[in-house]
1. Conditions: (1) touching a residue at least 60 places away in the same chain (Cβ under 8 Å); (2) surrounded by 12 or more Cβ atoms within 10 Å (Cβ to Cβ). GLN141 meets all but one. Number of the miss?
2. On the basis of being assigned to a loop (DSSP other than H, G, I, E, B), modelled with pLDDT of 95 or more and either buried (at least 16 other Cβ atoms within 10 Å of the Cβ) or in contact with a Leu (Cβ under 7 Å, 6 or more places away or on another chain) (or both), does GLY73 make the cut?
3. Report the residue count in the range 22-38 for those that are of a type in the set (A, V, I, L, M, F, W, C) and either exposed (fewer than 14 other Cβ atoms within 10 Å of the Cβ) or in the same structural domain as ILE232 (by TED's automatic domain parsing) (or both).
4. Can you confirm whether LYS42 is buried (at least 17 other Cβ atoms within 10 Å of the Cβ), basic (Lys, Arg) and touching a residue at least 40 places away in the same chain (Cβ under 8 Å)?
5. For ALA10, only one of the following conditions fails: (1) in a loop (DSSP other than H, G, I, E, B); (2) buried (at least 17 other Cβ atoms within 10 Å of the Cβ); (3) not assigned by TED's automatic domain parsing to the domain that holds ARG225. What is its number?
6. Could you say whether any residue in the range 16-30 is part of a strand (DSSP E or B) and of a type in the set (S, T, N, Q)?
Amino acid sequence: MEERLQKIIAAAGLASRREAEEWIKTGLVKVNGQIVKELGSKADPRRDNITVGGQPLPQPQQKMVVMLNKPRGVVTTLKDPQGRLNVGQFVESYERRLYPVGRLDMQSEGLLLLTDDGDFAYRMAHPKFNVEKTYLVWLNQALREEDRLKLEKGILLEGKMTLPARIKKVRQEEDAQNLCRITIREGRNRQIRKMFKELDYRTLRLMRVQIGNLSLGALPSGKTRKLRDSEIAELLEKIEGK
């Protein structure tokens, strides 16, 4: 399949798309022996001979998606000017630039995906796909039934109604009377904390345990695992409604 040259070069890991565009404009890129300077030019990397600076274009790396059980106190960035522990430090062993899909605030924990696949990240993060995310929430008091019903219908938050949520009270242990499980289909900044605060609750602990059909499972805090191709395909199939 033909794609724009700058996208092909970026996918091969040589440069960003912007850098690739500069290489094209300066005549460093050839397709089947011919210099190509038009930014809209396309090629098929499986069929065409593409060179950059006289060197054959390397085959693109297979894209990767990694699951991290983010601990509390870790910032969802690849670098932090304040020197705080960041999620990038947990995926250094994969020896490629994996960036987080969406965010978990510093004091939240649980399932976070990191990838080098821009198309995957777009589908997971764009609001139009309404990807379901499920969290365990420990509150400072037991959730009242009337408040559960309000959240399930949607509440006014910062001038905009939230989408309906699904909430279950969890009573697995004697000390878990204030624990609930909530599923939402949007990702506003610190949304769950703000939703409960709007109803006069304080969130003591927040853990994301599921995205779409993908569960955190028994992955220990601070550990990672690479997703299987079948898991990625099933996740995308679910969110795209196929």
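1. The single condition GLN141 does not satisfy is (2).
2. yes
3. 1
4. Values: buried (at least 17 other Cβ atoms within 10 Å of the Cβ): no; basic (Lys, Arg): yes; touching a residue at least 40 places away in the same chain (Cβ under 8 Å): yes.
For LYS42, the condition - buried (at least 17 other Cβ atoms within 10 Å of the Cβ), basic (Lys, Arg) and touching a residue at least 40 places away in the same chain (Cβ under 8 Å) - is not met.
5. (1)
6. Initially, the range 16-30 is screened for residues part of a strand (DSSP E or B), giving 29-30.
The next check asks that each one be of a type in the set (S, T, N, Q); those that pass are none.
No; the residues of the range 16-30 include none that is part of a strand (DSSP E or B) and of a type in the set (S, T, N, Q).
The values are calculated or read from the model by the stated rules, or taken from the named source; none is laboratory data. Computed from a prediction, not measured in an experiment: that's the story for all the values here. Cβ atoms come from the backbone with ideal geometry, glycine included; neighbour counts cover every protein chain shown.
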